[in-house]
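In what follows, a single structure is set out as structure tokens and then discussed.
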Amino acid sequence: MAQNKEEILAALALRRLVFVNEQRLFEKDDSDEHDQRAIHINAWSRKNPLLLGTVRCYPELENPKVWWGGRLAVHPDYRIKGIGVYLIRAAVEIVKNQKADRFLASVQFQNVTLFEKLGWKSVGEPFHYHGHPHQIMEVDLNVYDASSSPNADKRQSVGIK
Ligand SMILES: CC(C)(COP(=O)(O)OP(=O)(O)OC[C@H]1O[C@@H](n2cnc3c(N)ncnc32)[C@H](O)[C@@H]1OP(=O)(O)O)[C@@H](O)C(=O)NCCC(=O)NCCS
């Protein structure tokens, strides 16, 4: 988990690279009111102080037992190495530890298969967010088995904090 302001700023910078510069999902900045109370999970390279990936999780204000994950971003140069899966698994474990009842995510439609592989299920119909198709998905916190996810062997090269 990001422990200080610098680590959170690194997460926000990587998100800008991915969601603003690469995907053009947002014009200038993707940060919002949820960032202040979110848990930011960062995956750092062990070799140098480079942030490889990030994801955030936060509880609903009205119902703090319901948590949302989002802004999952892996550095473009480090994709398909298991970092995305690593972050999704870490998010589930961390949210479980918050004694959450539910964990949901608004997933970009092209990533639905990736989440399904990890046991997430679609909730409701797809919708458009900032012009991109999304799908709300949920993982059952009672049955999720972290060890069943793919890429377990690829996770050695990154460190989560
Ligand atoms: C989506 C994203 C986070 C995936 O991260 P990643 O580190 O590249 O993914 P992983 O290496 O952990 O992928 C693990 C497996 O899922 C597969 N996978 C990756 N992206 C996938 C996708 N969009 N759909 C289906 N499978 C996918 C990989 O091929 C790999 O399969 P394998 O185990 O058979 O080799 C990354 O591509 C990214 O940052 N994309 C841009 C931002 C984005 O879309 N964020 C998610 C918003 S919901």
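Quick notes
- Positive-end ranking of 66, 9, 49 along the dipole of the range 5-160, with charges on Cβ about the Cα centre, is headed by 49.
- Shape descriptor for the chain: Rg over Rh equals 0.93 (Cα atoms; Rh from the Kirkwood inverse mean 1/r).
- Relative protection proxy for 10-23, 27-40, from highest mean packing down: 10-23, 27-40 (other beta-carbon atoms within 10 angstrom).
- Percentage of interatomic Cα-Cα distances in the range 29-88 larger than 18 Å: 40
- Across the chain, Cα pairs under 8 Å and at least six residues apart give a relative contact order of 23 percent.
Read-outs throughout are calculated quantities, based only on the coordinates presented, and are distinct from any laboratory measurement. The model shown is predicted, which means the values in this text are computed figures rather than measured ones. Cβ coordinates were reconstructed from backbone atoms using ideal geometry, including for glycine residues, and neighbour counts include every protein chain displayed.
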